[in-house]
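Novice: Quick one: the structure is below, questions incoming.
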Amino acid sequence: MFGTAASPTLLRTFGTDDALAFVEGRGVDAAGRTIEDYFKFDADKWEECHNHVQWAFPSHIMSRFNLEAPVVDMEDFSNRLSAQGHVNIKQLMSNYLNSLGWFEDKGGWHADLKHERAERWLSPYNHNYQRISRLLNLLSWIDANLAIELLNEFLTVAQEASKWVMEDHFKRPMAVINAETVVYWSKAAIGKL
């Protein structure tokens, strides 16, 4: 009546060892991509692809969107992460922030709110807010100073975005980063998720 029964697809589980192998360039993600493949992602690929961020910025929190994302022991991950892994994660971070329209100078990372990509991610309930949480959480374990530096810049962006709504909401898309997101980012940046 309903056709032939299909056998269910079993999900694979990935953990700390898998995440380390991937970010250190010794392994692949659940889709068979290497970190070198991620390095080639342009801004559009970062935006439209939804099963890579969990591998680029692994976490101890299971992804609700990618059931084949690694779930890692953050202490073990940070203790065993090689120098090459650090370099690779920083490159992934750079690529991701660039995809949001950010730039780096001698003073650190900064959001360019006039960049065309800013309006893409500065919208209510944008999926990038969860990606930012993943990034801040990972950095809290491997480079706490950078996590706080980025958090401060994201908080500045949140403040500026609220001004858009009050002053210019008919000319720009509504750009709201709510208080719940700000609290979550803050917890992520200090490793308290």
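Novice: Name the single residue that is nearest to Trp141 (Cα to Cα) among those in the range 62-84 being open to solvent by 40 Å² or more (accessible area, probe 1.4 Å) and in contact with a strand residue (DSSP E or B) (Cβ under 9 Å, 6 or more places away or on another chain).
Specialist: Val71
Novice: May I pose another question? Restricting to the range 86-104, and then to whatever is open to solvent by 60 Å² or more (accessible area, probe 1.4 Å) and among the hydrophobic types (A, V, I, L, M, F, W, C), can you tell me which residue is modelled with the lowest pLDDT?
Specialist: Phe103
Novice: When the range 59-91 is examined, which residues are found to be free of Cβ contacts under 8 Å to residues at least 60 places away in the same chain, in a helix (DSSP H, G or I) and touching a helix residue (DSSP H, G or I) at 6+ places or on another chain (Cβ under 9 Å)?
Specialist: If the condition is that a residue be free of Cβ contacts under 8 Å to residues at least 60 places away in the same chain, in a helix (DSSP H, G or I) and touching a helix residue (DSSP H, G or I) at 6+ places or on another chain (Cβ under 9 Å), then His86, Lys90, Gln91 are the ones that fit.
Novice: Follow-up question, since we're still on this one. Just a yes or no: is a residue in the range 30-45 open to solvent by 40 Å² or more (accessible area, probe 1.4 Å), under 13 Å from Ile142 (Cβ atoms), touching a residue at least 24 places away in the same chain (Cβ under 8 Å) and in contact with a helix residue (DSSP H, G or I) (Cβ under 9 Å, 6 or more places away or on another chain)?
Specialist: no
Novice: Would you check which residues across the range 104-125 are in a helix (DSSP H, G or I) and under 13 Å from Val157 (Cα atoms) and list them?
Specialist: Correct list: Ala118, Glu119, Trp121.
Novice: So, in the range 1-43, of the ones that are among the hydroxyl-bearing types (Ser, Thr, Tyr) and in a loop (DSSP other than H, G, I, E, B), which residue ends up modelled with the highest pLDDT?
Specialist: My answer is Thr34.
Novice: Related question: I'm checking my understanding of the structure. Among residues of the range 114-157 that are open to solvent by 10 Å² or more (accessible area, probe 1.4 Å) and β-branched (Val, Ile, Thr), which one is farthest from Ala189 (Cα to Cα)?
Specialist: By that ranking, first place goes to Thr156.
Novice: If you go through the range 126-141 one residue at a time, do you hit one that is over 27 Å from Asn79 (Cβ atoms), of a type outside the set (Lys, Arg) and outside any helix (DSSP H, G or I)?
Specialist: Within the range 126-141, one or more residues are over 27 Å from Asn79 (Cβ atoms), of a type outside the set (Lys, Arg) and outside any helix (DSSP H, G or I).
The values are calculated or read from the model by the stated rules, or taken from the named source; none is laboratory data. Everything numeric here is computed off the predicted structure, so don't read it as measured data. Here Cβ is always computed from backbone atoms with ideal geometry, including for glycine, and neighbour counts include all displayed protein chains. For the accessible areas, the whole protein counts, side chains as well, though only heavy atoms, and no ligand, DNA or RNA atoms are used. Shrake-Rupley method; radii C 1.70, N 1.55, O 1.52, S 1.80 Å.
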